[in-house]
Amino acid sequence: MVTYEFVVKLARLLLRRFFREVEVTGLEHVPSDRGGLVVSWHPNGIIDPALILTHFPGQIVFGARHGLFKVPVMGTLMRAIGTIPIYRAQDAEGGDEEARRARNRASLDALAQAVADGRFSALFPEGVSHDDPHFHEMKVGAARLYYRAVQLTSAGSPPPVIIPVGLHYDDKASFRSKALVAFHPPLELDEALRSVPEDAPKELFHERCSALTDAIEGALIKAVHPTESWEEHRLMHRVAKLFRAERAKEFGAHVSGPDMREREVAFHRVWEGYRLRRQSDPAATAVLMARVREYDADLNSLDLEDTELDRSPKQGSLVRATGLVLQLIGLYVLAPPLLVLGLAVNGPPYYLVGWLANRHAKLVKDVASLKWLYGIIAYPIAWALMGALVWFGWVNLHEQYPKHITSSAVTATLLTLVFSFVGGFLALRYTERVRETLRAIRVRLTRARSTQTIERLKQERGALFQALSTMTEGLDLPGEVGPDGRIR
């Protein structure tokens, strides 16, 4: 029988394979004495709920459109995790309108009762996944659910809470990218927004739902830091990186790359400073961002990062490159069958999954979800086919050479399946190492032949650093910048 725990463990295993790293912060903000709503934006399809499901410190109850329960496999998994079918009034065809609305209220009550009983429900108030760096219009469904849960909460029990969650991806469509799940403190609601009487007039109820939706959106803005365009988003990351690189150079430090938590705090810091200065001095802010845009374009033309203006990555050193070559030679000598098997079995589904996902995805936000779903199907099929091939081959060899080939076809098949998985993991790790080393070597070559351009960019980075420092003086910005440029 498929259980909630099984689905969570399966999803966690698949996410660990898809992402290089998933960081989680803010778990201390989730109370254990009550239920509530977990709300977030929706930039990455089914990956978004999967990350919340697998990293929330407790059981999550989802509500989903009732038609999704008819989808093979998905319907089974949704039932296993206790998903409550939502019958939306606008989805029903024909019949009495009041009956459709009653069914919608009943499904909402079922979800609200779960929250009132001390569980948490995850919702995406936008109602749709998308590729924009800003929010789509927030729907009032989360507010309606919250107020109904408050009404159903037993007297004397603590009321439900609303917890905003920031979902951050460094490259959401890419295999082996990184993600951050940031749980933020519960919303502090004004007295007027904490509840709505069951017998309240419709006008008052709608007014409160609208106001609470605005409060949720405001909290998510602080958790996600939306921007007007992806160019603006990218330039803010550039500001954070150049600031960090220049501080590290002045301090004489060679710091490692930031983790996702530091990236998010640094981006928040830049985003907040940009927002405040654009309000107080829009002309000067626009001029400075134009300089950042030009610096960013020049750096991208060399395909370099800010820190690489000062030094090449360690992987490109002669010692590191030689060490990698020796490791590869050792791998080839000691475990060539394992590596070849891993590449032969996992290589075709890897490229097939990528091709199918890019071909069938209507938007970028669908790519990771499709890779995830296709991978669940493609890799087991590839392993099963290899296992079947080994089994039939072993049986035939045993029939032809019974004295030399044992009859242990099952053992050979099981070992093949295990080695296919292990070999694929080994090949993946070494492929990543090879790519890092090749990039580091290319950076060294670029630095050697573009010395004048690099020197000019270093001077411009320093000038931008000074201008940014001057512009943000006196602002209360999040995070604490260390002397080496790292933000804590």
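The residue that is farthest from Ala266 (Cα to Cα), counting only those in region 189-198 that are touching a helix residue (DSSP H, G or I) at 6+ places or on another chain (Cβ under 9 Å) and charged (D, E, K, R), is Glu198.
Taking region 371-394, which residues are surrounded by 16 or more Cβ atoms within 10 Å (Cβ to Cβ) and either free of Cβ contacts under 8 Å to residues at least 60 places away in the same chain or touching a Lys or Arg at 6+ places or on another chain (Cβ under 7 Å) (or both)? If the condition is that a residue be surrounded by 16 or more Cβ atoms within 10 Å (Cβ to Cβ) and either free of Cβ contacts under 8 Å to residues at least 60 places away in the same chain or touching a Lys or Arg at 6+ places or on another chain (Cβ under 7 Å) (or both), then Tyr374, Ala378, Tyr379, Ala382, Trp383, Met386, Gly387, Val390, Trp391, Trp394 are the ones that fit.
The residue pairs whose first member lies in region 227-246 and is at positive phi, whose second member is buried (at least 17 other Cβ atoms within 10 Å of the Cβ), and whose beta carbons are closer than 7 Å, counting only pairs six or more residues apart or on different chains, do not exist in this structure.
So which of Lys172, Lys139 ends up being modelled with pLDDT of 90 or more, within 24 Å of Val8 (Cβ to Cβ) and of a type in the set (D, E, K, R)?
Lys172
Going through (1) of a type in the set (A, V, I, L, M, F, W, C); (2) closer than 26 Å to Lys9 by Cα; (3) at pLDDT below 90; (4) in a helix (DSSP H, G or I) one by one, Ala99 falls short only on (2). Looking at region 167-220, which of the residues that are without any contact (Cβ under 8 Å) to a residue 60 or more places away in the chain and among the basic types (Lys, Arg) is surrounded by the fewest Cβ atoms within 10 Å (Cβ to Cβ)? The residue in question is Lys202. Pick out the one residue from Arg291, Arg311 that is surrounded by 13 or more Cβ atoms within 10 Å (Cβ to Cβ), at pLDDT 95 or above, under 20 Å from Arg244 (Cβ atoms) and basic (Lys, Arg). Just one listed residue meets the conditions, Arg291. Run down Val353, Val367 and say which single residue is closer than 21 Å to Ala427 by Cα, β-branched (Val, Ile, Thr), assigned by TED's automatic domain parsing to the domain that holds Phe421 and at pLDDT 90 or above. From the options Val353, Val367, the qualifying one is Val353.
The values are calculated or read from the model by the stated rules, or taken from the named source; none is laboratory data. Please read these numbers as outputs of a predicted model, since none were measured by experiment. All Cβ positions, glycine included, derive from the backbone under ideal geometry; neighbour counts span all protein chains shown.
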